[in-house]
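Worksheet for the structure shown next.
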Amino acid sequence: MTKLIYLGCLSTRSYESTCKNAIKIIQFLDSEYKIIENPPCCGSLAYNITSEEIMKKHVEFVNEWFKQNEITELVTICAGCYSYLSRYYNEFLGSEFNVKVKHLLQFIVEPENLDKLNLRNSGKLIKVNYHDACHLRNAPVPIIEEPRIILNSIDNIELVEMDYNKTNSICCGAGGGVYSIFKENSDYNAKAIFDNMKKGKALLTACPFCYTALKRISEENKIRKPVIKFEDFIVKLIDGVDPIS
């Protein structure tokens, strides 16, 4: 039996420090979780551009890798990986897929894990916004309340809801090849999310695709409110530093 930390291709390639923070959180909560070098891509991006037959072969290949490495549980920090593994692997493989899939937010929000983290902000009250990623809110098991439970449990952190939130949140425009083909539409969506922030001093997201889109728009438009990946925010709280600096 192996518990796997499944970081996802985008985070592994582009966000090394975020990956380290995720590993720190997961292994602090359960030391049995481990990294295996060079895991196969889940195939979520390829699903949009290839045939179902080819995709099924890839899913079978990845599932065989899971079996060879005796993976029984995994925690992923990628919203796309979570959505794809929990939806299409069951669809393509049925009972042949026996891996319990969790997103980091689901893992953290478990009562014993939240108690163990004992998160608190040692500074003054900070108001933050949270962006609901499409891959999380539209997954077979939607992840909507989990980040809110986590944030509302933290002393001196106040979650300020945006007008468009939960199942009505604005898509960031990064998924499904939209940015590659319809850049103006993608940019418009990402900018609209910032326009919807209201009183929050920082924008949190649990999706690396959303983070990439929102970070780019923030830099291009010189938006002063920082975009922060959820695990980076959590580790700053653990380390006792300003979580939005």
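The values are calculated or read from the model by the stated rules, or taken from the named source; none is laboratory data. This is a predicted model, so every value here is computed, not measured. Note that we place each Cβ from the backbone using ideal geometry, even for glycine, and neighbour counts take in every protein chain shown.
Do we find that R148 is charged (D, E, K, R), closer than 19 Å to K201 by Cα, without any contact (Cβ under 8 Å) to a residue 60 or more places away in the chain and surrounded by 14 or more Cβ atoms within 10 Å (Cβ to Cβ) in this structure? Here the answer is yes, as R148 does meet what is asked.
In region 19-52, how many are out of contact with any Ser or Thr (no Cβ under 6 Å at 6 or more places or on another chain) and not in a loop (DSSP other than H, G, I, E, B)? Steps first, please.
As a first pass, look at region 19-52 and keep what is out of contact with any Ser or Thr (no Cβ under 6 Å at 6 or more places or on another chain): 20-52.
Imposing the further condition that a residue be not in a loop (DSSP other than H, G, I, E, B) reduces the set to 20-29, 33-34, 46-48, 52.
Number satisfying all stated conditions: 16.
One residue stands out in region 55-98 among those that are hydroxyl-bearing (S, T, Y) and within 29 Å of Y15 (Cβ to Cβ): the one that is surrounded by the fewest Cβ atoms within 10 Å (Cβ to Cβ), namely T72.
For (1) within 16 Å of the chain's Cα centre (by Cα); (2) closer than 28 Å to S86 by Cα; (3) not charged (D, E, K, R), each residue gets a yes or a no:
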residue	(1), (2), (3)
L136	yes, yes, yes
N156	no, no, yes
N185	no, no, yes
N189	no, yes, yes
E220	no, no, no
R224	no, no, no
I228	yes, yes, yes
D232	yes, yes, no
I238	no, no, yes
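The residues listed here are E60, E32; of these, the one that is acidic (D, E), closer than 28 Å to L117 by Cα and at pLDDT 95 or above is E32.
Identify, from the list E16, E52, the residue that is surrounded by fewer than 16 Cβ atoms within 10 Å (Cβ to Cβ), out of contact with any Cys (no Cβ under 7 Å at 6 or more places or on another chain) and either among the aromatic types (F, W, Y) or closer than 20 Å to S86 by Cα (or both). Of E16, E52, the one residue that is surrounded by fewer than 16 Cβ atoms within 10 Å (Cβ to Cβ), out of contact with any Cys (no Cβ under 7 Å at 6 or more places or on another chain) and either among the aromatic types (F, W, Y) or closer than 20 Å to S86 by Cα (or both) is E52.
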